[in-house]
Structure formats: structure tokens, C-alpha cells
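Nothing in this text is a laboratory measurement; each read-out follows from the coordinates by a stated rule. No experiment lies behind these values; they were computed from the predicted model shown. Don't worry about glycine lacking a Cβ; one is built from the backbone with ideal geometry, like all the others, and counts go over all protein chains shown.
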Amino acid sequence: MVGEARDGFTVEEREAIKERARELEGARRGARASKPDGEADVQAKIVAMPEPDRSMAARLHAVIMAAAPDLSPRTWYGMPAYAKNGGVVCFFQGAHKFKTRYATLGFTDSANLDEGALWPTAYALKELTTAEEETIVALAKRAVRPKGAAQ
């Protein structure tokens, strides 16, 4: 089993929890000091990723920031994430993060993707082609539109 679970969490899950605790502590210090630089944090996480996650995360970052410039880059559980009004809207989880066979583009409940009674909140990514980028642009734009706005 990947990371062998002890006490209910794998090694990778425990590390993600520790990263989230560091992010929260940094945010508390940031409120007292200068505002943390989310762009620099996200870029550092991307650079630290192994390939092919690194290339995919870098391209995804550019696509999301171009499609939804109102989003602010930051890290979330040690992953590149994009927030609006302080709340994470979407995030990238590289396949290496939890040793899975695909990367994930996920959306939180802050994303305005509600459509009917059932909709996806995470997408598996094996590669980013033009078709996937077009889908991601549409999702990012939809995720940040005001509630009740026309699609």
C-alpha cells in the first residue's frame, strides 16, 4: 500500500496535513506582518514537483490565471491552489503527491459549478492538450462567475 497507513493516515496524507498547518501558521503570521506571496509559494511548489507533474502544473497555472484573473494563487495542503475572497476555488494535485496514476484538478464548494443535482468536482489529468485546456478555461470561468449569472 502506498505510504502504508498508520493511525488512519498514510505518510503522504500526514505530510499534507503538516503542510496545511504550516500554511495556516504562515497566514496568521502574515496577518501580523506582510502579506504572504501566494504566487511565489505556488511557483516554488511547481518547481519542486517531479516531471510530468511539474510541466502540467506550470501550464495549468498559466491557463487558470489567464482564464480567471480574479483568482489568487496560494498553496493548500501543499498543492497549488487558486482562491477568491480568501476561499480556495480550485487546486492541482500532482500524481506524485499521493503516488496515484493521474493528477487531479479539483474544485471546492466555493466554485460555482452547480448544474442540476449531480456534477463533478474533480477531474483526472493524464496530460494537457488543447482540448483539456479549453475545458479547464470554461470550468475556471464558470467557477468564479457570480451565483445566478447566466452561463
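The figures follow:
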read-out	value
Inter-site label distance for V137 and A62 at 7 Å from Cα along Cβ, in nm	1.3
Whichever aspartates and glutamates have a C-alpha closer than 19 Å to that of K147, once near sequence neighbours (fewer than 8 apart) are set aside	D70, D109, D114, E115
Segment K99-T10, length gained on full extension (0.36 nm per residue, minus Cα span)	30.9 nm
Highest-fluctuation residue, G38, G26, G87 considered, GNM on the chain with Cα pairs under 10 Å	G26
Where GluC sites (Glu not before Pro) fall in DSSP loop in the stretch 63-151, at most 15 other Cβ within 10 Å	E115, E127
Radius 12 Å from Cβ of T121, net charge of other residues (Lys, Arg +1; Asp, Glu -1)	-3
The chain, relative contact order in percent, only Cα pairs under 8 angstrom and at least six apart counted	19
Cβ-based net charge around A143, under 14 Å, with every Lys or Arg adding one and every Asp or Glu removing one	+1
Histogram of C-alpha separations across the chain, 5 Å bin width, %	2, 9, 17, 22, 20, 15, 10, 5, 1, 0
Proximal lysines to K45, defined as alpha-carbon separation beneath 21 angstrom and excluding residues fewer than eight positions away on the same chain	K18, K35, K84, K97, K99, K126
Helix-only [θ]222 nm of the chain, DSSP H runs n ≥ 4, -39500 (n - 2.57) each, per residue, nearest 500	-14000 deg cm²/dmol
